[in-house]
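Each remark here refers to the structure printed beneath this line.
Values quoted throughout were computed directly from the atomic coordinates according to the rules given, and no laboratory measurement underlies them. In this text the structure is predicted, and so the values were computed from the model without any measurement. Every residue, glycine among them, receives a Cβ derived from its backbone with ideal geometry; neighbour counts consider all protein chains shown.
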Amino acid sequence: MKKLFISQPMRGLTDEEILKAREEIRARAEHAIGEPIELIDSFIKDYPGEINKSIPVWYLGKSIQLLSQADIAYFGGNWRNARGCKIEHEVARTYGIKIIEE
């Protein structure tokens with residue numbers, strides 16, 4: 001069973017909207033891959049530190065840690081316009097993680 005990491009834009013979306021999109025992406029990815037997948041839970045709700053301008057960097061760091069476990073990275077939605085998604089894409093490409101793009 002392949003491990004799947006989902007990269008998707010999240011800015012301006014509610015948790016419910018993000019989770020709904022993730023489930024739709026998971027289903028499309030499973031269909032594209034042609035076998036059951038194990039979804040890496042990369043939706044992080046809680047930030048443990050102080051509120052400051054580096055919060056996006058903290059989330060990106062956690063995402064890259066989770067990406068390191070993936071066999072496949074699926075880039076969904078309007079990922080090309082989301083700075084975190086673009087960085088995750090570059091990491092996946094550089095380190096040889098298979099990429100699926102919407």
**Fill in**
Using the Kirkwood radius over Cα pairs of the chain, the Stokes-Einstein translational diffusion coefficient at 10 °C and 1.306 mPa s, in µm²/s and rounded to a whole number, is 114
**Request:** From zero up to wherever the largest Cα-Cα distance of segment 1-47 sits, split into 5 Å bins and tell me the percent of pairs in each.
**Result:** 5, 20, 32, 21, 13, 7, 2, 0
**Request:** Mind putting a number on the dipole of segment 31-102 about its Cα centre? Charges go on the C-beta only, +1 for Lys and Arg and -1 for Asp and Glu, and I need it in Debye to the nearest 20.
**Result:** 360
**Fill in**
The summed charge of the Gly12 Cβ neighbourhood (under 15 Å; Lys/Arg +1, Asp/Glu -1) stands at 0
**Request:** Return a single number: how many Lys pairs in the chain, at a sequence separation of 8 or more or on separate chains, have alpha-carbon atoms below 17 angstrom apart.
**Result:** 9
